[in-house]
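Asker: Input: one structure, supplied below.
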Amino acid sequence: MLLADQALFRASLGRFLALEPDFELAGECAMGAEAEEMLDRSAADVVLIEFEPEARHAGEFMSVAARSGFAGKFLVLTAVTNAFNSARALRLGASGVFLKSDSADRLIKAIRTVAEGEMWIDSRVVRQMAERYPPEEQRFDTDGLTEREQRVLLGILGGLSNRKIGEDLKISESSVKAVVQQLFDKTGVRTRSQLVRIAISRSLQAVTPAVNGTDS
């Protein structure tokens, strides 16, 4: 299901998605009463929804859907990396944040990822969230995490690989993997994407960055 205010954008994206043999467009419309009615009668697995900083309807729609017991996944489409709005979308129940500047092939991959129950968050968005707070305020607001666990989690929030995290923290990749498993055990999750989501949902703030760089 596709929800976006611009008819031309919906039409072009809808035609592209229809080319995928295992995709079926359950409906497309602008935000509003029609979208709520469509959601009620649709069994959509994934809803693509525009979520821009100046738009309020998308957040309201997701809240209504959550209260109504909608079981599908929301993949937010946005034109800008905005830490506040991305975090808000995830707290409202979105399973992913996808940048419109990214490629069409990546969108297909993101839809499949979200449909399978995983998270999709562009690494640029995650880094922006991790860097939102100034250094003097950067502390993890959670109990039970060691300093090393906090720093490894910061690396995961920054979209870094285990190897890159290990290089920046001067520990082995196997040690990083062990710490990631400890984080899984302490938070009750099984994947890195679930760990990112729970970190954001708890409004975790980053410690003074010891992990820098880009994805490797």
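Asker: Residues of segment 96-126 being touching a residue at least 60 places away in the same chain (Cβ under 8 Å) and in a loop (DSSP other than H, G, I, E, B), which ones?
Answerer: Within segment 96-126, 118, 119 meet the criteria.
Asker: Within the set of pairs 6+ apart or on separate chains, which have a first residue in segment 69-84 that is in contact (Cβ under 8 Å) with a residue 60 or more places away in the chain, a second that is of a type in the set (Lys, Arg) and in a loop (DSSP other than H, G, I, E, B), and C-beta atoms under 7 Å apart?
Answerer: That search, which allows pairs on different chains as well, returns 77/100.
Asker: Would you pick out the residues in segment 27-50 that are surrounded by 17 or more Cβ atoms within 10 Å (Cβ to Cβ) and among the small types (Gly, Ala, Ser)?
Answerer: 27, 35, 44
Asker: Restricting the search to segment 166-187, which residues are in contact (Cβ under 8 Å) with a residue 40 or more places away in the chain and in contact with a Lys or Arg (Cβ under 8 Å, 6 or more places away or on another chain)?
Answerer: Of everything in segment 166-187, just one residue is in contact (Cβ under 8 Å) with a residue 40 or more places away in the chain and in contact with a Lys or Arg (Cβ under 8 Å, 6 or more places away or on another chain), namely 169.
Asker: Quick test of your reading of the structure: residue 126 fulfils all but one of (1) at pLDDT below 80; (2) assigned by TED's automatic domain parsing to the domain that holds residue 25. Name the failing condition by number.
Answerer: Of (1) at pLDDT below 80; (2) assigned by TED's automatic domain parsing to the domain that holds residue 25, only one is false for residue 126: (2).
Asker: Could you please find all residues in segment 151-193 being under 18 Å from residue 123 (Cα atoms), within 19 Å of the chain's Cα centre (by Cα) and of a type in the set (S, T, N, Q)?
Answerer: Hits for segment 151-193 are 161, 191, 193.
Asker: Step by step: first the residues of segment 129-150, then only those that are at pLDDT 80 or above and assigned to a loop (DSSP other than H, G, I, E, B), then the one that is nearest to the chain's Cα centre (by Cα). Which residue is that? Give the steps one after another, and end with the answer.
Answerer: Pass one, segment 129-150, residues at pLDDT 80 or above: 145-150.
Checking which are assigned to a loop (DSSP other than H, G, I, E, B) leaves us with 145-146.
Values: 145: 23, 146: 25 Å.
Across segment 129-150, the extreme among qualifying residues is 145.
Asker: Please determine, by comparing only the residues of segment 166-193 that are among the hydroxyl-bearing types (Ser, Thr, Tyr) and over 15 Å from residue 150 (Cα atoms), which one is surrounded by the fewest Cβ atoms within 10 Å (Cβ to Cβ).
Answerer: Residues of segment 166-193 among the hydroxyl-bearing types (Ser, Thr, Tyr): 172, 174-175, 187, 191, 193.
Checking the rest, the ones that are also over 15 Å from residue 150 (Cα atoms) come to 172, 174, 191, 193.
Details: 172: 13, 174: 10, 191: 12, 193: 19.
Going through the qualifying residues, I end up with 174.
Asker: Quick check on my filter: what residues within segment 104-127 are crowded, with 17+ Cβ neighbours inside 10 Å, acidic (Asp, Glu) and farther than 13 Å from residue 76 by Cα?
Answerer: 118, the sole residue that qualifies.
The values are calculated or read from the model by the stated rules, or taken from the named source; none is laboratory data. Just so it is clear, the model here is predicted, and its values are computed rather than measured. Ideal geometry is used to build each Cβ from the backbone, glycine not excepted, and the neighbour counts take in all protein chains shown.
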